[in-house]
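Read the structure below first, then the notes.
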Amino acid sequence: MHDRSGNTDQRARLAAYKVDAEARRRGCLASERGWSWARLGVFVGSVLGWFWLSSGYVVAGTVVLFGACVWRHLRARARRELADRLVLMIAESGQRVGGRVVTVRSGRRPEGSHVDAALDDGEIWTLTAQERDDLDLYGEPVGLFGLLNRTATALGARRLRDRCEHACLSTDRIEARQACVRWLDGEMERRLRVMAGLAILRGRDARLEAFVEAVRGATPLPSPGRTRFLRLWSIVTAVFLCVAVVKVAMGVPGWLGALLIVVMVNAAVSQQMSRDLRQRLGAWRDVAYAVRGLRSSCERAARDLPDETELGLLRRRFADVISPDVLPALTWRLDFTNTGGAVHAMLNIVLFYDLHTAAAILGKAVPHREVILASVSAMAELDALLSVACFGYEQPIVTYPSVTQERGLSIIGGVHPLVSPEKVVGNNLELSAESRVRVITGSNMAGKSTYLRMLGVSTLLAQLGSAVPAVAMRFSPMRLVSDLRIRDELSKEESYFMAEVRQIRRMLLPPSGDVPLLGLIDEPFRGTNSVERIAASVAVVRQLVDSGHFFVVATHEHQLTELADGQVTVNCHFAEHLGRDGAVFDYALQPGPAMMRNALLILEREGFPAAVLERARDWLARDDGSERS
């Protein structure tokens, strides 16, 4: 358990690191300005030197010096931009420290297809739309995904979505994920530096995904022998055309005919190749900016990630893709796709420009396809892991759960992360093979629904490899099914009651397998009349008790509390008392069934007519008498 009450340690560390990062940023900014002035001074000096000295050596020297200044200026600007992003990452982390319930990035469910996994997911359990809604995964204004999401890219956000919606059921895989998250949680400075490196990709999603599709669809140019001949021919004819132009300019007219013939031949060949080359190169246009960002983020991650845990596997993938022959070689070649107009047409006639460009790009993309795609998957994986690590770091009290092969779920001091830390109350749960069912009673607003959601969210976070907001937690992987917030769906011609029936049927008829099911039910069959609701609820809970799986049921029906034997099925309740301003709740789970009835007292307190209250008490007395008989 990490006791971070008030998160004073986290805030102090962030504040100290922010001071250091801002000082570094000021230094980078001063360096950038210095080199900017230097390149301007060298340029002006070279122009003046040309007019005053008219020396080729001076011009050559100033050109070299100017190039060096430009290169240093670009390097200084890149360092300053990285420092800017680091300061931004620190500020974003500061928004959530202490467990504040705010969304830093986006809480909406990311659109798009499944993202290839860089790390094995193992056996998974897919949450339905019901569980996603019940656990407020994409709730408004803030949902669980919104608390977790700190991703820089759409690919990373989709990978985090996939992780959240497909709960891991493998003990080994959960422990491997947890090891990665724990390392990133503990290494605050390295984590923020890697996040700053990834942040260069913010806003480049469309181009990055276009690059991925281009790599996937890349195929070698047809007829390698013909391609080599044409590239060689273009070099020979380029030399010939230069000579011919010089000869014609010198007044040797015989070269003019040869010049025209070569131009016509090259134009015909270029026209024949143009359609195929335009299609091939079209996929690579406007992606160089994103590829530079990918290369920069991979370089940062390869520098800061460790060799231990599965982060070492991601680091090696980044190291592979930034080797000189892969992304660095591909990046500068992509710049050649951005030409156009009359100059581009002339270059195609003289040099078969598009043919050389396509051969250069495909010559790097095709052989290194798997390395490039693996690095993109690793980037999305790392983006998601960093988000989960930030969540753990920024919570006031968290624990990394113990994963066990022994069936059960134990939570001590568990709280819901969507409840403000100033208002939240920790509660416990103990489910084991011998004690599998809890029946929770209590008044409305006493805390039953929040408690059920806390159990579901804690289980989902644990199977994500995340820290959990609790003092301690131990669990075995479970398939989570919930019936907490049923809604009718007119589009499916499905009533409120029918939707609930179908959801509870999933718990009565779980899929086969060794992994147990954790069912969370809030007020079963609340969509039908009271007599049938009680009969169905009693029958269902009896069946659930006999199933061997784990269930927590919240109810107002005291008949369900009579099913508890104190061993397999145990009663618990949330209590309240009436204060001067109404019902007062402590939100602390207590043993045994709820004994208080406060509905009529609240009606009386709110000024309902005496006749209404008298009729209600008479009916209640008759109902209690009939039950006792």
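The values are calculated or read from the model by the stated rules, or taken from the named source; none is laboratory data. These numbers were taken from a predicted model, which means no experiment stands behind them. Here Cβ is always computed from backbone atoms with ideal geometry, including for glycine, and neighbour counts include all displayed protein chains.
A few notes on this one:
- The single residue among Asp116, Asp120 that is modelled with pLDDT of 90 or more and in a loop (DSSP other than H, G, I, E, B) turns out to be Asp120.
- Members of the stretch 510-523 found to be aliphatic (A, V, I, L, M) and outside any strand (DSSP E or B), listed by number: Val515
- Residue list for the stretch 381-422, restricted to those being of a type outside the set (Val, Ile, Thr), touching a strand residue (DSSP E or B) at 6+ places or on another chain (Cβ under 7 Å), under 25 Å from Arg191 (Cα atoms) and surrounded by 22 or more Cβ atoms within 10 Å (Cβ to Cβ): Gly392, Pro401
- Only one of Leu148, Leu169, Leu160, Leu135 that is among the aliphatic types (A, V, I, L, M) and over 20 Å from Pro477 (Cα atoms): Leu148
- Scanning the stretch 87-113 for residues that are among the polar types (S, T, N, Q) and either part of a helix (DSSP H, G or I) or crowded, with 18+ Cβ neighbours inside 10 Å (or both) gives Ser93, Gln95, Thr103.
- Residues in the stretch 253-289 that are aromatic (Phe, Trp, Tyr) and within 50 Å of the chain's Cα centre (by Cα) were compared, and the one that is surrounded by the fewest Cβ atoms within 10 Å (Cβ to Cβ) is Tyr289.
- The numbered conditions (1) on the phi > 0 side of the Ramachandran plot; (2) free of Cβ contacts under 8 Å to residues at least 12 places away in the same chain are all true for Gly186 except (1).
- Selected residue (criterion: farthest from Val419 (Cα to Cα)) from residues of the stretch 137-167 that are touching an Asp or Glu at 6+ places or on another chain (Cβ under 8 Å) and of a type in the set (Val, Ile, Thr): Thr153
- Residue in the stretch 459-480 that is nearest to Asp185 (Cα to Cα), counting only those that are of a type in the set (A, V, I, L, M, F, W, C) and assigned to a loop (DSSP other than H, G, I, E, B): Ala467
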